[in-house]
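The values are calculated or read from the model by the stated rules, or taken from the named source; none is laboratory data. Just so it is clear, the model here is predicted, and its values are computed rather than measured. Neighbour counts run over all protein chains shown; Cβ positions are idealised from the backbone, glycine included. Just the protein is used for accessible areas: all its heavy atoms, side chains included, with ligands, DNA and RNA removed. Shrake-Rupley method; radii C 1.70, N 1.55, O 1.52, S 1.80 Å.
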Amino acid sequence: MKVPFADLHAQYLELKEEIDTAIVSVIESAVFSGGPVVAQLEERIAADCGAQYGVAVASGTDALMLSLKACGIQPGDEVITTPFSFGATSEAIALLGATPVFVDIDGCSFNLNPEGIESAITSRTRALLPVDLYGQMADRSAFAAISERHGLRWVNDSAQAVGALQHGAPIAALGHATVLSFYCSKNLGAYGDGGMVLTSDPELAALLVSLRGHGTEHHKYHYERIGYCSRLDALQAAVLLAKLPRLQTWNDLRRRNAELYARLLSEFAAEFGIVLPREEPGNHHVFHQYTIQHPQREALREYLKQRGVATEIYYPWPLHQMPAYAGFNRAGAEFPAAERAARQVLSLPVHPELTEDQIAYVARCIREFHSRGAL
């Protein structure tokens, strides 16, 4: 049996009529940059995610960088973040001339551990940048308290968590800004790149609009500040609007798939040292990834590949071990949870198009890997 890691073609076929109609409508309008389609997407995503404003940009990476820029991050500043994430998180900090300061993760949720933050704060610390990894929100109440106590700006990297909740509150209900990515493989993905910044601060929203458009404000040829070219294409917005009504259903299917994995794998996971993902109390996890931890990750992955099961590793190296960030590491800083995760994490297919038979097959293959003495 073949079990793909994602099936974007099947997703397209499900929505073919809506997507084709949306794309043709934009082409016929000849409004390809900005316009009513982008504005409608901004309004709907912001409302769904608990923010007053949405500012659509060209990518999730741009959304991170523009958020930090709008929050006043400058060269020499420090931003506390996680060492276990996609490189864009720390990249956005470094591209502004600031220093990413890594704090270790919680070994169960994979999210930035708030307990390590206070000792990492210095006179140069200006912001917090936690990540809602794999689709589960980081501890909003803890970050709110730290942000308020130390007067820090707070940006949530929610690129993997659109639709997630914490104690009933959506991803952008707290924080100065919340960042989304619409990369094609995300729970809500465009047909290319795209991103959005969510905020309830009108001044921050206006500044973000200016920054994405070359620093203009009242006239397109009058530059108030140094800005960027970071617009979301109307074609991508049209695709996202066509998909948006399905997001809740797709997230529910991801949760169903995760529950089925948990039921099947829990029968033998503890015996073989497999750690299953855990939904933290109060969280509504949307399972962008279903990520297990396995002591023999590489061997298991190769066995699953031979049996037709595609897997991915998010992420094989923690950021503090990357050559690009070697110069940012503080003397004596240790990140055992992030390093252990990088050695052991393995993401199984969890996309909405999976069948129960496919999930059962994946679980059966993992059991067979152990029953054949693979360890």
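One table, with the values for the structure above:
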read-out: Number of positions in the stretch 89-131 that are out of contact with any Gly (no Cβ under 7 Å at 6 or more places or on another chain), touching a residue at least 40 places away in the same chain (Cβ under 8 Å) and in a loop (DSSP other than H, G, I, E, B); value: 9
read-out: Per-region count, the stretch 30-58, residues open to solvent by 20 Å² or more (accessible area, probe 1.4 Å) and in contact (Cβ under 8 Å) with a residue 24 or more places away in the chain; value: 14
read-out: Residue within the stretch 304-315 that is charged (D, E, K, R), at pLDDT 95 or above, surrounded by 17 or more Cβ atoms within 10 Å (Cβ to Cβ) and under 22 Å from the mean Cα position of the chain (by Cα) present; value: yes
read-out: Selection status of V345, of a type in the set (A, V, I, L, M, F, W, C), open to solvent by 40 Å² or more (accessible area, probe 1.4 Å) and out of contact with any His (no Cβ under 7 Å at 6 or more places or on another chain); value: no
read-out: Selection within the stretch 299-317 - in contact with a strand residue (DSSP E or B) (Cβ under 9 Å, 6 or more places away or on another chain), in a helix (DSSP H, G or I) and either free of Cβ contacts under 8 Å to residues at least 40 places away in the same chain or closer than 29 Å to L247 by Cβ (or both); value: L304
read-out: Among residues of the stretch 133-158, those that are without any contact (Cβ under 8 Å) to a residue 60 or more places away in the chain and in a strand (DSSP E or B), counted; value: 2
read-out: Candidates P114, P83, P75, filtered to the one that is in contact with a Leu (Cβ under 8 Å, 6 or more places away or on another chain) and either closer than 29 Å to R278 by Cα or surrounded by 18 or more Cβ atoms within 10 Å (Cβ to Cβ) (or both); value: P83
read-out: Some residue of the stretch 278-289 being open to solvent by less than 50 Å² (accessible area, probe 1.4 Å), assigned to a helix (DSSP H, G or I) and of a type in the set (F, W, Y); value: no
read-out: Check on E353, buried (at least 18 other Cβ atoms within 10 Å of the Cβ) and either among the β-branched types (V, I, T) or at pLDDT 95 or above (or both); value: yes
read-out: Condition met for A324 (open to solvent by less than 60 Å² (accessible area, probe 1.4 Å), touching a residue at least 60 places away in the same chain (Cβ under 8 Å), out of contact with any Leu (no Cβ under 7 Å at 6 or more places or on another chain) and closer than 30 Å to I93 by Cα); value: no
read-out: Failed item in (1) open to solvent by less than 30 Å² (accessible area, probe 1.4 Å); (2) of a type in the set (A, V, I, L, M); (3) under 19 Å from A237 (Cα atoms), with A70 passing the rest; value: (3)
read-out: Close pairs from the stretch 327-354: first touching a residue at least 12 places away in the same chain (Cβ under 8 Å) and aliphatic (A, V, I, L, M), partner in a helix (DSSP H, G or I) and buried (at least 22 other Cβ atoms within 10 Å of the Cβ), Cβ under 7 Å, at least 6 apart; value: L346/L300; L348/Y261; L348/V362; V350/R254; V350/N257; V350/A258; L354/N257
read-out: When residues of the stretch 262-277 are limited to those that are within 26 Å of the chain's Cα centre (by Cα) and either among the charged types (D, E, K, R) or closer than 30 Å to A142 by Cα (or both), the one surrounded by the most Cβ atoms within 10 Å (Cβ to Cβ); value: P277
read-out: Flag for V362 being assigned to a loop (DSSP other than H, G, I, E, B) and either closer than 24 Å to Q160 by Cα or of a type outside the set (D, E) (or both); value: no
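Condition check ((1) over 23 Å from V26 (Cβ atoms); (2) of a type in the set (K, R); (3) open to solvent by 70 Å² or more (accessible area, probe 1.4 Å)) across all residues:
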position: G151; (1), (2), (3): yes, no, no
position: C184; (1), (2), (3): no, no, no
position: A205; (1), (2), (3): yes, no, no
position: H219; (1), (2), (3): yes, no, yes
position: R255; (1), (2), (3): yes, yes, no
